[in-house]
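Every read-out reported here was derived from the displayed coordinates using simple, explicitly stated rules and does not represent laboratory data. On a predicted model such as this, the values are computed, not experimentally measured, just so you know. Cβ atoms come from the backbone with ideal geometry, glycine included; neighbour counts cover every protein chain shown.
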Amino acid sequence: MVLSYERMGDLLEEIAGEFPDAFFRELDGGIQLEEQALPDPDFPEGEMYIMGEYCHDMLGRYILLYYGSFAAVLAEEDEQAWREEIFATVAHEFTHHMEDTAMLHDLDDKDAEFLRQALEEYGDADGGEED
């Protein structure tokens, strides 16, 4: 089932409240919910979505979650699956935030490796040739 944008916002607020205050330190822009989907540009349309991102730019430090990406990926799932994916995404983005404030990049490296492997597998499944 596709939850409404408002219901996802309510779940996000509840879930964010479960994290310790220390996680929000220096996260001056908080956690924001954007309506649109964010397809991963490295994959064909509809194959991979970006669920959330940690941003550190001239606006500060903040986390974005993409409602449309959740709706695309979880269209057939129940509310509990949405809750679990929201929690996992927020935890993942908080890890980026905590590492950024400590000037570490382990999760960035793991994410890059995951995407490299996914692209490789996608190419193999499509009958793509390796370079």
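The GluC sites (Glu not before Pro) of segment 31-77 that meet both conditions, a loop assignment by DSSP and at most 14 other Cβ atoms within 10 Å of the site Cβ, are Glu35, Glu45, Glu47, Glu76. A simple rule links phi to the HN-Hα coupling: the Karplus curve 6.51 cos²θ - 1.76 cosθ + 1.60 with θ = phi - 60°, which for segment 39-52 gives x, 6, x, 7, 10, x, 3, x, 8, 8, 10, 8, 7, x Hz, with x for Gly and Pro.
DSSP beta bridges fully contained in the chain are about 65 percent antiparallel. The length gained by stretching the chain between His105 and Leu59 to full extension, at 0.36 nm per residue less their Cα-Cα distance, is 14.5 nm. With the simple model of a label 7 Å out from the Cα in the direction of the Cβ, Glu77 to Gln36 spans 2.3 nm.
Here is the P(r) of the chain: all C-alpha pair distances, binned every 10 Å from 0, give 12, 38, 34, 14, 2 in whole percents.
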